[in-house]
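First the structure, in the form of structure tokens, and then the observations on it.
The values are calculated or read from the model by the stated rules, or taken from the named source; none is laboratory data. Everything quoted here is computed from the prediction, not taken from an experiment. Ideal geometry is used to build each Cβ from the backbone, glycine not excepted, and the neighbour counts take in all protein chains shown. Surface accessibility is based on the protein's heavy atoms, side chains included, excluding ligands, DNA and RNA. Shrake-Rupley method; radii C 1.70, N 1.55, O 1.52, S 1.80 Å.
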Amino acid sequence: MNDLKPIDRLTEMPDDILSFILSFLSIRDSVKARILSRRWRYICPFMLNLDFDLHTVLRINYKARYSNGDSDISWEDKSKFVTGVDQFLELYNGQKLLSLRVCFCLGNEHTGYVDRWIRFAIIMKTEKLDLEFSVSPES
Amino acid sequence: MSSSLEKNMLILRSSDGEEFIVPEVVAVMSKAIKNMVEDECASNTIPVPNVDANILAMVIEFCKKHDESEAEAASDLKTFDSEFVNRGQEALYDLITAANFRDVKELLDALCQNVAEMIKGKSVHHIRIQFLGYQLFEILTSNFIWNIWCDRDFD
């Protein structure tokens, strides 16, 4: 048992322990941890509140990046954001969700994504759904 | 069982046969042991399978401290916890396994939070080095699905 590598020891933990460990992390950090191994990819953190915005998904600080106020989020960042949220929700297998918040500048071209997220919120019986289609400077 | 055993004391026997005399209030911080005691299916000696003496001693140390320090300042306990969980990964995983099977919630919280701290704020690259050492390539390709989330970390 002792000559197993640390990753094997960590990975042999029961799913609920791995979920519990991930639940102490931010969304971004939990995703990074899930890259560690095949097994971890499908481990879902116990997170009752999901919050997707410029910072939690792309780790962009709005003020630092868009300080002059008139710049738009790049097409590339928008595409990363919607794909990232989609991926996260696709592999989300929690039982219940208290709140889902998406705060990002999304337009008509993203209706397909937004519809999917709303459907997800309904399926998860989410109590609070918060969609803001602009990037607020506070985020 | 040993008639000299004081009241309200229990004997815990590790998987490798070592016995620890522990106050009942400390032992029942393990919910699994608490259930056994409440169901009266425990004699004075309670076997703790899958947990060796080394790990069991650590678990008891943790529970004793938490039992004693209920009145103490929460910050002292926090300091104790952070020192307690500051161990090599091997011991950490053994302790998590023990805390999970024996259902010692406070210990499990402290340990899992500590593993999370090892991940927190680190780049994918650093997490890999920390937990994997060299087994990088298979993992890179097997998890391409998440790359959107992480490419900034390769900066």
>> Just to be sure I understand the model, the point goes 7 Å from the Cα along the line to the Cβ. What's the resulting A:Asn93 to A:Arg116 distance in nm?
In response: 1.9
>> Need one value for A:87-95: mean number of C-beta atoms belonging to other chains within 10 Å of its residues' C-beta atoms.
In response: 1
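Quick check: with the 1.4 Å probe, what order do B:Ser43, A:Ser74 take by accessible area, largest first? Kindly include the intermediate steps, with their values, before the conclusion.
Numbers: B:Ser43 70, A:Ser74 45 Å².
Output order, biggest surface exposure first: B:Ser43, A:Ser74.
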> Given a Förster radius of 35 Å and the C-beta distance between B:Asn8 and A:Phe46 as r, what FRET efficiency does 1/(1 + (r/R0)^6) yield to the nearest 0.05?
Replying inline: 0.45
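Of B:Val28, B:Val48, which has the most accessible area and how do the rest follow, probe 1.4 Å? Walk me through the intermediate numbers first.
Details: B:Val28 35, B:Val48 5 Å².
Solvent-accessible surface, decreasing: B:Val28, B:Val48.
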> Which value, in Å² rounded to 10, gives the accessible area of B:Met118 with a 1.4 Å probe and all protein chains present?
Replying inline: 30
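Across peptide B:116-124, how many C-beta atoms of other chains are within 10 Å of each residue C-beta, on average? Intermediate results must be reported in sequence, preceding the final value.
On the way: counts 11, 3, 3, 10, 7, 5, 3, 1, 5.
Going residue by residue through B:116-124 and averaging, the value is 5.
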> Which whole number gives the average count of other chain Cβ atoms within 10 Å of the Cβ atoms across peptide A:72-84?
Replying inline: 1
>> Can you sort A:Thr83, B:Thr79 by solvent-accessible area, 1.4 Å probe, largest first?
In response: B:Thr79, A:Thr83
> Considering only protein heavy atoms, what per residue accessible area in square angstrom results for region B:9-120 with a 1.4 angstrom probe?
Replying inline: 49
>> Rolling a 1.4 angstrom probe over the protein chains, ignoring ligands and nucleic acids, what is the accessible area of A:Glu76 in square angstrom, nearest 10?
In response: 110
>> Could you compute how much accessible surface A:Phe24 exposes when probed at 1.4 Å, giving the result in Å² to the nearest 10?
In response: 60
>> Quick check: Cα centre of region A:87-125 to Cα centre of region B:50-83, how many Å?
In response: 41
> By how many nm would the segment from B:Gln130 to B:Ala57 lengthen if fully extended, with 0.36 nm per residue of separation less the alpha-carbon distance?
Replying inline: 23.6 nm
